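Visitor: Pasting a structure below so you can have a look.
The values are calculated or read from the model by the stated rules, or taken from the named source; none is laboratory data. Please read all numbers here as calculations on a predicted model, not as lab measurements. Every residue, glycine as well, gets a Cβ built from its backbone with ideal geometry; the counts of neighbours run over all protein chains shown. Heavy atoms of the whole protein, side chains included, go into the accessibility calculation; ligands, DNA and RNA do not. Shrake-Rupley method; radii C 1.70, N 1.55, O 1.52, S 1.80 Å.
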Amino acid sequence: MDLRLPLVRKSAFTIWRRNALVWRRLLGPSLVINFGEPFLYLLGLGFGLGAFIETMDDMPYLTFLASGIIAASAMNTASFEGMYSVYTRMIPQRTYESMMATPIEVDDILAGEMMWCATKSLISGSAILAVAALLGAVSGWQALWVIPVIFLMGLCFAGPAMVMTSFATGYDFFNYYMTLVVTPMFILSGVFFPVTSLPETAQVFIQLLPLTHAIDLVRPIVSGQQVNNIGLHIAVLLAYAVVGYYLAVILVRRRLII
Amino acid sequence: MSEKINKIVRIDKLKKSYNNNIVVNGISFDVNRGMCFGLLGPNGAGKTTTLRLILGLSPADSGALSVFDLEMPAHARQVRQRIGVVPQADNLDPDFTVVENLFIYGSYFQITRSVLNKRIGELLEFAGLQDRADTKIGALSGGMQRRLTIARALVNDPELIVLDEPTTGLDPQARHMIWGRLRKLMQQGKTLLLTTHYMEEAERLCDELIVMEQGKIIAQGSPKQLINKYVESEVVEVRSGGEQAMEYIKNMNGYRVEKAGDTHYFYSNNARELVLQFEKIKDIVFLHRPANLEDVFLKLTGRELVD
Ligand SMILES: Nc1ncnc2c1ncn2[C@@H]1O[C@H](COP(=O)(O)OP(=O)(O)OP(=O)(O)O)[C@@H](O)[C@H]1O
Ligand SMILES: [Mg+2]
């Protein structure tokens, strides 16, 4: 097995650019989804539930929910792109095969894909931030600091998603990861209610999940509160990104360079 | 390139196996600059695997391999910058149009936009796809996709072009057109490494070729050398009435017979008499022709030996 540390080079940007060019075509429909979905969530859940729950964790429920949804959307977007789209290009479409006949290597491809996943997270997360601001759920300009955080979250969730892709045998395979990993995080990591309301034993486990740390960063930034343990949260997100990338590179090399 | 090395590819005792199944079994050969080198062999002989090893897309189990005097796969990145690849199965990017495919592929080599702009016009012409420039890949015919794949392989102005069955699926016109273009590339000093199942193609293009079977090289030489060495000069190819023909030559000497499908091949250095006799028998439909590479191939890799 080829365990060499990956090199991240200019070529990675070439791969990113390829994906961006494809996406540009579908700009209209994807923006409708990016803006439409959070509108529904925030209007429906935010105002509907907000009528019963005025504040949560010392902030309006709409703000609480909006910050959770920003993080959850970054997770969903990067996971989806890192699995379904990366798999499509790797196996049925054989796009990587054509790239690998050029100076491009697996290291470059996955680095580019990862940046693209994060870019898509950035687009969907920023759309939600804009919607939340329109609805008055954002407390000030400091909220723009979530933008780099969303990008980091995109990298963080793309890492494990690409690891799944590297040994996926078909699209059905991703259902496991979606059902067993993404959905539980969506429900338990503090999107809709604070983690502290769960049993203490569960909380220990939940602290290991990246979405928990992502929300711990996003929520205070959006609501204008003090961010605690910044270093720890960033380190956890980075660790998932870096370890995920390295594992994915090794596994995809093993799969394609045979 | 500044340094003029003569051996573009050097392979020494290269071996590769998949799950204990030896696919490339200790082959050695060199490819000189400016020549067209052919790899022939039946399905599964190990041709594509050999090309993948050369490109650094597959690690060898043992043996030595260098391209442009650079050891592989250690220098894969550097080496692939200077190679053009036509894979056995087209893998054009379905998310893009014809021109975009060339641009995107060019960007993988970090070629600047201005250079690409100039080159892509020529490549469209090369592929005969000028009026299809903005067509999506899915809307091209199989032959058009093949031509685009060949054009795409030239986007980096490569010194070595590796072609895995380049003309499979092309109509005769397109095939002749591609042959002409490939010969032109050789005149420009490019080196070609090609696999094919069309013996006519190998005979027209290749200066030297190897015949592989089960991962081993079983013959090597120029098409002419191989024909002289392995087969008689004339062939009578009997397409129907083979049984009668067999019956007829039963008690004649000096003929070697081979059967492929339902065709019988009668080889001889002087087939005059045989032709005269066959002409008299109504049921025998035959063709008398000089021996070619196909005959060498059938002899070396023939499975069904009669007599
Ligand atoms: N990835 C792989 N895993 C296992 N076996 C493989 C793999 N790739 C090739 N083989 C085997 O190696 C042998 C040689 O295959 P290869 O593709 O090199 O043949 P080829 O000469 O190109 O044949 P064709 O003319 O049909 O293209 C075949 O028996 C094939 O089944
Ligand atoms: Mg092949």
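Visitor: Test of understanding: among B:T97, B:T50, which residue is hydroxyl-bearing (S, T, Y), within 18 Å of B:L194 (Cα to Cα) and either open to solvent by less than 30 Å² (accessible area, probe 1.4 Å) or more than 16 Å from ligand 2 (Cβ to nearest atom) (or both)?
Guide: Criteria check complete, one pass: B:T50.
Visitor: Mind checking which residues of segment B:106-130 are away from chain A (no Cβ under 14 Å) and without any contact (Cβ under 8 Å) to a residue 24 or more places away in the chain?
Guide: Matches in segment B:106-130: B:S114, B:V115, B:N117, B:K118, B:G121, B:E122, B:E125, B:Q130.
Visitor: Name the helices (runs of 4 or more DSSP H) wholly inside segment A:89-179 in which the number of residues that are within 14 Å of chain B (Cβ to nearest Cβ), out of contact with any Ser or Thr (no Cβ under 8 Å at 6 or more places or on another chain) and buried (at least 22 other Cβ atoms within 10 Å of the Cβ) is 3 or more.
Guide: In segment A:89-179, the matching helices (runs of 4 or more DSSP H) lie at A:95-100, A:106-134.
Visitor: Evaluate segment B:243-250: report whether one residue or more is surrounded by 14 or more Cβ atoms within 10 Å (Cβ to Cβ), outside the structural domain of B:E203 (by TED's automatic domain parsing), part of a strand (DSSP E or B) and over 24 Å from the mean Cα position of the chain (by Cα).
Guide: No, segment B:243-250 has no match at all.
Visitor: Follow-up question, since we're still on this one. State yes or no: is B:K216 closer than 30 Å to B:I22 by Cβ and open to solvent by 80 Å² or more (accessible area, probe 1.4 Å)?
Guide: So B:K216 fits the description; yes.
Visitor: Moving on. How many of the residues in segment B:29-47 are in a strand (DSSP E or B) and open to solvent by 50 Å² or more (accessible area, probe 1.4 Å)?
Guide: 2
Visitor: Same structure again: Which of the following residues is within 14 Å of chain B (Cβ to nearest Cβ) and among the aliphatic types (A, V, I, L, M): A:L26, A:L5?
Guide: A:L26
Visitor: Could you tell me whether any residue of segment A:8-25 is outside any helix (DSSP H, G or I), open to solvent by 60 Å² or more (accessible area, probe 1.4 Å) and free of Cβ contacts under 8 Å to residues at least 12 places away in the same chain?
Guide: Yes - at least one qualifying residue is present in segment A:8-25.
Visitor: Specify which of the listed residues (B:S222, B:S240) is hydroxyl-bearing (S, T, Y), outside the structural domain of B:F37 (by TED's automatic domain parsing) and either away from ligand 1 (no atom under 16 Å from the Cβ) or open to solvent by less than 20 Å² (accessible area, probe 1.4 Å) (or both).
Guide: Unique residue meeting the criteria: B:S240.
Visitor: Let me ask another. Write out, first by first residue and then by second, each pair whose Cβ atoms fall under 7 Å of each other, whose residues are 6+ apart or on separate chains, and whose first residue, in segment B:256-276, is under 15 Å from B:S233 (Cα atoms) while the second is among the aliphatic types (A, V, I, L, M) and exposed (fewer than 15 other Cβ atoms within 10 Å of the Cβ).
Guide: Every condition considered, the pairs that remain are B:V257/B:V306; B:E258/B:L305; B:E258/B:V306.
Visitor: Provide a single number: the residues in segment A:227-250 that are in contact with a Leu (Cβ under 9 Å, 6 or more places away or on another chain) and assigned to a helix (DSSP H, G or I).
Guide: Looking only at that region, the number is 15.
Visitor: Which one is nearest to ligand 2 (Cβ to nearest atom) among residues in segment B:170-212 that are of a type in the set (S, T, N, Q) and open to solvent by 20 Å² or more (accessible area, probe 1.4 Å)?
Guide: Among those residues, the one meeting the criterion is B:Q173.
Visitor: Let me ask something else. Return the residue satisfying two criteria in turn: it lies in segment B:154-169 and is open to solvent by less than 40 Å² (accessible area, probe 1.4 Å) and within 16 Å of ligand 2 (Cβ to nearest atom), and of such residues it is farthest from B:V67 (Cα to Cα).
Guide: Residue satisfying both the conditions and the ranking: B:T167.
Visitor: With closer than 28 Å to B:K299 by Cβ, assigned by TED's automatic domain parsing to the domain that holds B:D157 and of a type outside the set (S, T, N, Q) as the only criterion, which of B:F68, B:F29 stands out?
Guide: From the options B:F68, B:F29, the qualifying one is B:F29.
Visitor: Report yes if B:N6 is at pLDDT below 95, more than 12 Å from ligand 1 (Cβ to nearest atom) and closer than 17 Å to B:L193 by Cβ, otherwise no.
Guide: yes
Visitor: Can you tell me how many residues in segment A:48-60 are surrounded by fewer than 13 Cβ atoms within 10 Å (Cβ to Cβ) and not charged (D, E, K, R)?
Guide: Here the count works out to 4.
Visitor: Taking B:L51 as meeting all but one of (1) farther than 21 Å from A:R9 by Cβ; (2) more than 16 Å from ligand 1 (Cβ to nearest atom), write down the number of the exception.
Guide: (2)
Visitor: If B:S17 passes every condition in (1) of a type in the set (S, T, N, Q); (2) farther than 29 Å from B:G302 by Cα; (3) away from ligand 2 (no atom under 16 Å from the Cβ); (4) within 14 Å of another protein chain (Cβ to nearest Cβ) but one, which one does it miss?
Guide: B:S17 satisfies every listed condition except (2).
Visitor: So B:R152 ticks every box in (1) closer than 13 Å to A:S98 by Cβ; (2) within 16 Å of ligand 1 (Cβ to nearest atom) but one. Which box is left unticked?
Guide: (2)
Visitor: Scan A:V249, A:V243, A:V236 and give me the residue that is more than 26 Å from A:G44 (Cα to Cα) and surrounded by fewer than 19 Cβ atoms within 10 Å (Cβ to Cβ).
Guide: Only one candidate qualifies: A:V243.
Visitor: How about segment B:23-43: which of its residues are near ligand 1 (Cβ under 9 Å from one of its atoms) and either more than 14 Å from the chain's Cα centre (by Cα) or within 14 Å of another protein chain (Cβ to nearest Cβ) (or both)?
Guide: Once the filter is applied, which keeps residues that are near ligand 1 (Cβ under 9 Å from one of its atoms) and either more than 14 Å from the chain's Cα centre (by Cα) or within 14 Å of another protein chain (Cβ to nearest Cβ) (or both), segment B:23-43 yields B:V23, B:V24.
Visitor: Checking the conditions here, which among B:T149, B:T168 is under 16 Å from the mean Cα position of the chain (by Cα) and outside any helix (DSSP H, G or I)?
Guide: Every option except B:T168 fails the conditions.
Visitor: Within segment B:53-88, take every residue that is at the interface with chain A (Cβ under 8 Å from one of its Cβ atoms) and either within 16 Å of ligand 2 (Cβ to nearest atom) or part of a loop (DSSP other than H, G, I, E, B) (or both) and give me the one that is surrounded by the most Cβ atoms within 10 Å (Cβ to Cβ).
Guide: Only one residue fits best here, namely B:V85.
Visitor: Suppose the filter is crowded, with 16+ Cβ neighbours inside 10 Å and more than 16 Å from ligand 2 (Cβ to nearest atom); does B:V24 pass it?
Guide: No; evaluated as a whole, the condition is false for this residue.
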